[in-house]
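A quick write-up on the structure given underneath.
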Amino acid sequence: MEKHCTESRVKGVSTGTTILAAVFDGGVVIGFYLRSTINKVIQVHDRIFCCIAGSLADAQAITKAAKFHLSFHSVQMESPPRVMAAASVLKDLCYKNREELQAGFITAGWDKKNGPQVYVVALGGMLINQLVTIAGSGSTYIYGYIDAKYKPNMTKEECLQFATNALALAMGRDNVSGGVAHLVVVTEKGVEHVVVPGDKLPKFHDE
Amino acid sequence: MLEETGPEWLSEEVKTGTTIIAIEFDGGVVLGSDSRVSAGASVVNRVMNKLSPLHDKIYCALSGSAADAQTIAEIVNYQLDVHSIEIGEDPQVRSAATLVRNISYKYKEELSAHLIVAGWDRRDGGQVFATLNGLLTRQPFAVGGSGSSYVYGFVDAEYRRGIRKEECQQFVVNTLTLAMNRDGSSGGVAYVVTIDEHGTEEKVVLGNQLPTFFDQ
């Protein structure tokens, strides 16, 4: 039987989770739920968030270094950093140390030059720009849903509904009973945090 | 010194790492599968039909080890023929699924194949049975194979009870396409079999006729 490669094969502590980041018309939505209290979504600047995947120890070390680089960079440039800058800093650290590290990142945010963006830094240090991306152990179950249901230039409400549905479906299949979904919306105006408790999540055919 | 190991397909086990799906609709069932057979990273057959008839109105969908799955299907085909002669009428879908389950369970250590059994009979209409690892359970729909993980979310979201035949066929094609796009071991064309009281219809949807999504 085909064995599917899941996050649990990564060295070190790895918690069950699903992370999603999607661009809509005017901002990004970052959605996640956590089975444990370990924080996997970090705010690296006012309008830039960073979601970590893979080995937590590696990811925490990288984020610490990245935060320092980024704040220094932002002081030098005398302006808020671009989302691409945050992603690049992470990418550089991942690539230079690719032999030792096993961590990936999703960087999502808003900046004045390019508006809302989502970048993925994959395991070896590859950096790509995507409109929508998912990560975490529960993400395998919703690749099909994301591919089918994401539309570019959705409104904020449509995108929030899309993200909530995706997280609920992943939660339903990823061995999690109950849970809380978090949604962070980043736009030009600022950052908004929406919490959806388990009983308010959408229900599907078998519930 | 480099070792001559020869092409991969000579040494790797042949698997139908695959996507298979069967859904019950109002009046029958629709089965679907991709067509890729891989041996390691080589595709050794890109047009294999993984929907195998067990009887006139009962089909099974093959996944896992190609040899194991085919053998089970052939043995059950024979056993069902004998059984249907003994009872003097068409067999029930549950009987076919039970025969598959009996083999899967008895030889579960040696075999690595998962067959989904689906069909139509006069007593209970359209039915879908999953026989993974030797269990037997009737479900409104079942997905299997390596590509199935990627589409659980989609199928959970989109499945509705009592849909019509054409909608169901489109749903199966959409699901197979999404899985084939994400799973390296699934691909090729989509085979779709529709079974209802009027008969069995086999259809092939070629690669360029499959639906496309926002990033294509």
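The values are calculated or read from the model by the stated rules, or taken from the named source; none is laboratory data. Predicted model only: the values in this text are computed from it and were never measured. Positions of Cβ are generated from backbone atoms using ideal geometry, with glycine treated the same way; all protein chains shown enter the neighbour counts.
Find the residue count for the range A:54-69, including only residues that are part of a helix (DSSP H, G or I) and crowded, with 21+ Cβ neighbours inside 10 Å. Before the answer, list the steps.
Going residue by residue through the range A:54-69, those that are part of a helix (DSSP H, G or I) are A:56-69.
Adding the requirement that they be crowded, with 21+ Cβ neighbours inside 10 Å leaves A:58-59, A:62, A:66.
Of the residues in the range A:54-69, 4 are part of a helix (DSSP H, G or I) and crowded, with 21+ Cβ neighbours inside 10 Å.
With the requirement that a residue be touching a helix residue (DSSP H, G or I) at 6+ places or on another chain (Cβ under 8 Å) and either of a type in the set (S, T, N, Q) or under 21 Å from A:S79 (Cα atoms) (or both), what does the range A:48-62 give you?
At the first step, the residues of the range A:48-62 found to be touching a helix residue (DSSP H, G or I) at 6+ places or on another chain (Cβ under 8 Å) are A:48, A:50, A:52-54, A:62.
A:I48, A:C50, listed by residue number.
Would you be able to say whether some residue in the range A:71-81 is touching a helix residue (DSSP H, G or I) at 6+ places or on another chain (Cβ under 7 Å) and within 25 Å of A:Y150 (Cβ to Cβ)?
Kept after step one, since they are touching a helix residue (DSSP H, G or I) at 6+ places or on another chain (Cβ under 7 Å), are these residues of the range A:71-81: A:73, A:80-81.
Applying the additional criterion that residues be within 25 Å of A:Y150 (Cβ to Cβ) yields none.
No: the range A:71-81 contains no residue that is touching a helix residue (DSSP H, G or I) at 6+ places or on another chain (Cβ under 7 Å) and within 25 Å of A:Y150 (Cβ to Cβ).
State all residues of the range B:36-53 that are buried (at least 24 other Cβ atoms within 10 Å of the Cβ) and more than 24 Å from B:Y78 (Cα to Cα); if no residue qualifies, say none.
Passing the criteria: B:R36, B:S38.
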If you go through the range B:142-158 one residue at a time, how many are of a type in the set (A, V, I, L, M) and facing chain A (nearest Cβ under 7 Å)? 2
Answer yes or no: is there a residue in the range A:117-135 that is within 14 Å of chain B (Cβ to nearest Cβ) and within 24 Å of B:I23 (Cα to Cα). no
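Among the residues of the range A:1-39, which ones are at pLDDT 60 or above and surrounded by fewer than 21 Cβ atoms within 10 Å (Cβ to Cβ)? Show your work before the answer.
Residues of the range A:1-39 that are at pLDDT 60 or above, as a first pass: A:16-36, A:38-39.
Result: A:G16, A:D25, A:G26, A:L34, A:R35, A:S36, A:I38, A:N39.
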Looking at (1) facing chain A (nearest Cβ under 10 Å); (2) without any contact (Cβ under 8 Å) to a residue 40 or more places away in the chain; (3) crowded, with 22+ Cβ neighbours inside 10 Å, find the lone condition where B:F129 falls short. (1)
Checked the range B:132-153 for anything without any contact (Cβ under 8 Å) to a residue 12 or more places away in the chain and either surrounded by fewer than 16 Cβ atoms within 10 Å (Cβ to Cβ) or hydrophobic (A, V, I, L, M, F, W, C) (or both); matches are B:T137
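Would the range B:185-194 turn up any residue that is buried (at least 19 other Cβ atoms within 10 Å of the Cβ) and over 19 Å from B:V151 (Cα atoms)?
Quick first cut of the range B:185-194, residues buried (at least 19 other Cβ atoms within 10 Å of the Cβ) only: B:185-194.
Those still in the list that are over 19 Å from B:V151 (Cα atoms) too: B:193-194.
Looking for residues that are buried (at least 19 other Cβ atoms within 10 Å of the Cβ) and over 19 Å from B:V151 (Cα atoms), one finds at least one in the range B:185-194, hence yes.
B:G88: on the phi > 0 side of the Ramachandran plot, within 14 Å of chain A (Cβ to nearest Cβ) and surrounded by fewer than 23 Cβ atoms within 10 Å (Cβ to Cβ), yes or no?
Working: on the phi > 0 side of the Ramachandran plot: yes; within 14 Å of chain A (Cβ to nearest Cβ): no; surrounded by fewer than 23 Cβ atoms within 10 Å (Cβ to Cβ): yes.
When the stated conditions are applied, B:G88 does not pass them.
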Odd one out for B:G64 among (1) over 18 Å from B:V143 (Cβ atoms); (2) modelled with pLDDT under 95: (1)
(1) touching a strand residue (DSSP E or B) at 6+ places or on another chain (Cβ under 6 Å); (2) surrounded by fewer than 24 Cβ atoms within 10 Å (Cβ to Cβ); (3) within 16 Å of B:I20 (Cα to Cα) all hold for B:G119 apart from (2)
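Quick check, is B:A96 touching a strand residue (DSSP E or B) at 6+ places or on another chain (Cβ under 7 Å), at pLDDT 95 or above and not in a helix (DSSP H, G or I)?
Working: touching a strand residue (DSSP E or B) at 6+ places or on another chain (Cβ under 7 Å): yes; at pLDDT 95 or above: yes; not in a helix (DSSP H, G or I): no.
Criteria not met by B:A96.
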Out of (1) within 21 Å of B:D68 (Cβ to Cβ); (2) within 14 Å of another protein chain (Cβ to nearest Cβ); (3) over 17 Å from the mean Cα position of the chain (by Cα), the odd one out for B:N102 is which? (2)
Restricting attention to the range B:51-99, the residues that are of a type in the set (F, W, Y) and without any contact (Cβ under 8 Å) to a residue 40 or more places away in the chain number exactly 1
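Can you find a residue that is assigned to a helix (DSSP H, G or I) and within 19 Å of A:G54 (Cβ to Cβ) anywhere in the range A:105-128?
Initially, the range A:105-128 is screened for residues assigned to a helix (DSSP H, G or I), giving none.
No: the range A:105-128 contains no residue that is assigned to a helix (DSSP H, G or I) and within 19 Å of A:G54 (Cβ to Cβ).
So which of B:Q170, B:Q209 is surrounded by fewer than 21 Cβ atoms within 10 Å (Cβ to Cβ) and either at pLDDT below 95 or touching a strand residue (DSSP E or B) at 6+ places or on another chain (Cβ under 8 Å) (or both)? If you could, list the steps in order and put the result at the bottom.
Details: B:Q170 fails: either at pLDDT below 95 or touching a strand residue (DSSP E or B) at 6+ places or on another chain (Cβ under 8 Å) (or both).
Going through B:Q170, B:Q209 in turn, the sole match is B:Q209.
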Using the structure shown, decide if B:V30 is at pLDDT below 95 and touching a helix residue (DSSP H, G or I) at 6+ places or on another chain (Cβ under 6 Å). no
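Mind telling me which of the residues B:E166, B:E201, B:E197, B:E110 ends up being within 14 Å of another protein chain (Cβ to nearest Cβ), farther than 30 Å from A:D174 by Cβ and of a type outside the set (S, T, N, Q)? Quick ask: steps written out before the conclusion?
Details: B:E166 fails: within 14 Å of another protein chain (Cβ to nearest Cβ); B:E201 fails: within 14 Å of another protein chain (Cβ to nearest Cβ); B:E197 fails: within 14 Å of another protein chain (Cβ to nearest Cβ).
It is B:E110.
Tell me the residue from A:A181, A:A163, A:A108 that is away from chain B (no Cβ under 11 Å), closer than 15 Å to A:A21 by Cα and at pLDDT below 90, please.
Details: A:A163 fails: at pLDDT below 90; A:A108 fails: at pLDDT below 90.
Among A:A181, A:A163, A:A108, only A:A181 is away from chain B (no Cβ under 11 Å), closer than 15 Å to A:A21 by Cα and at pLDDT below 90.
Which of the residues belonging to the range A:140-156 are in contact (Cβ under 8 Å) with a residue 12 or more places away in the chain and at the interface with chain B (Cβ under 9 Å from one of its Cβ atoms)? Quick ask: steps written out before the conclusion?
We begin by selecting, within the range A:140-156, every residue in contact (Cβ under 8 Å) with a residue 12 or more places away in the chain; these are A:140-142, A:145-146, A:149-150, A:152-156.
Once the filter is applied, which keeps residues that are in contact (Cβ under 8 Å) with a residue 12 or more places away in the chain and at the interface with chain B (Cβ under 9 Å from one of its Cβ atoms), the range A:140-156 yields A:T140, A:Y141, A:I142, A:Y145, A:I146, A:K149, A:Y150, A:P152.
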